[in-house]
Amino acid sequence: PKKIIAEEEATLEDITIVFPHHDQHQRLADIMTDLEGTIKNIVVVKGGTFARNCNEGFKLCKTRFVVFLNDDTRIADPETLFTNMLEKTKELDIVGCRVEGDGAVNGFRIEDKELVPVLNAEDEVDVPSGHCLMMKADTFTVLDGYNEEFKNGCEDGDLYQRALELGMTIGTVDDTMIHLQCQSTGRFDHVDENVIL
């Protein structure tokens, strides 16, 4: 049998954060302030849909790990959050985190092959909200990125379905962040067609 070589330990320098930016300039400035001094590889892409901006940003990624992070988020302790997410990638293919407080979409349960939103921060989730996802760059490549047919909604659910069909694992760390959901203009303009797709 071949010897399995353990992968070298990852550090925060092995991460690129991709922001699919739309029109929340102050919110982007706020989260960039949160990340100051912690993450040095950051890509901001605007001008397209969420999926397209993520995919275009990923093309610029030269690190082993990528984080897709909404610009309407705030992180109190990014070093701890991203270190814990890196550690979790040793057992999961896609890693998310939880949202502070109740009432926000904290993730989803899978019931009868459908994603059901979990709004209570304490309830278990099967897959995380897509506001902050970390994975190996190779994982995102195998998944062929986000499906650009989606227009600012449901991209994470589609990505999860494809990952699960390939036998990948998805989960969360216990760490939380603030997600000021659905702040971008036009966020709900294509809900019906996204759900159908």
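The values are calculated or read from the model by the stated rules, or taken from the named source; none is laboratory data. In this text, all values refer to a predicted model and were calculated from it rather than measured experimentally. Backbone-built Cβ (ideal geometry, glycine too); neighbour counts: all protein chains shown. Please note that ligands, DNA and RNA were not included when accessible areas were found on the heavy atoms of the full protein model with its side chains. Shrake-Rupley method; radii C 1.70, N 1.55, O 1.52, S 1.80 Å.
Looking at the stretch 17-31, can you tell me whether even one residue there is touching a residue at least 24 places away in the same chain (Cβ under 8 Å), under 17 Å from Glu148 (Cβ atoms) and open to solvent by 40 Å² or more (accessible area, probe 1.4 Å)? Scanning the stretch 17-31 turns up at least one residue that is touching a residue at least 24 places away in the same chain (Cβ under 8 Å), under 17 Å from Glu148 (Cβ atoms) and open to solvent by 40 Å² or more (accessible area, probe 1.4 Å).
Among the residues of the stretch 70-79, those that are open to solvent by less than 60 Å² (accessible area, probe 1.4 Å) and either at pLDDT below 95 or out of contact with any Leu (no Cβ under 9 Å at 6 or more places or on another chain) (or both) comprise Asn70, Asp71, Asp72, Thr73, Ile75.
Please enumerate the residues belonging to the stretch 164-175 that are touching a helix residue (DSSP H, G or I) at 6+ places or on another chain (Cβ under 8 Å) and over 17 Å from Glu124 (Cβ atoms). Within the stretch 164-175, Leu166, Met168 meet the criteria. Consider Met177 against the criteria (1) at pLDDT below 90; (2) open to solvent by 30 Å² or more (accessible area, probe 1.4 Å); (3) touching a Leu at 6+ places or on another chain (Cβ under 7 Å); (4) not β-branched (Val, Ile, Thr): it satisfies all of them except one. Which criterion is unmet? The number of the failed condition is (2).
Here the condition is being among the hydrophobic types (A, V, I, L, M, F, W, C) and at pLDDT 85 or above; of Leu159, Leu119, Leu115, it holds for Leu159 alone.
Among the residues of the stretch 30-66, those identified as outside any loop (DSSP other than H, G, I, E, B), out of contact with any Asp or Glu (no Cβ under 9 Å at 6 or more places or on another chain) and farther than 16 Å from Cys132 by Cα are Thr33, Glu56, Lys59. Does the stretch 56-66 contain any residue that is open to solvent by 10 Å² or more (accessible area, probe 1.4 Å) and at pLDDT below 95? Checked the stretch 56-66: no residue is open to solvent by 10 Å² or more (accessible area, probe 1.4 Å) and at pLDDT below 95. Considered as a group, the residues in the stretch 97-137 that are of a type in the set (Val, Ile, Thr) and in contact (Cβ under 8 Å) with a residue 12 or more places away in the chain include one that is most open to solvent (accessible area, probe 1.4 Å), and that residue is Ile110.
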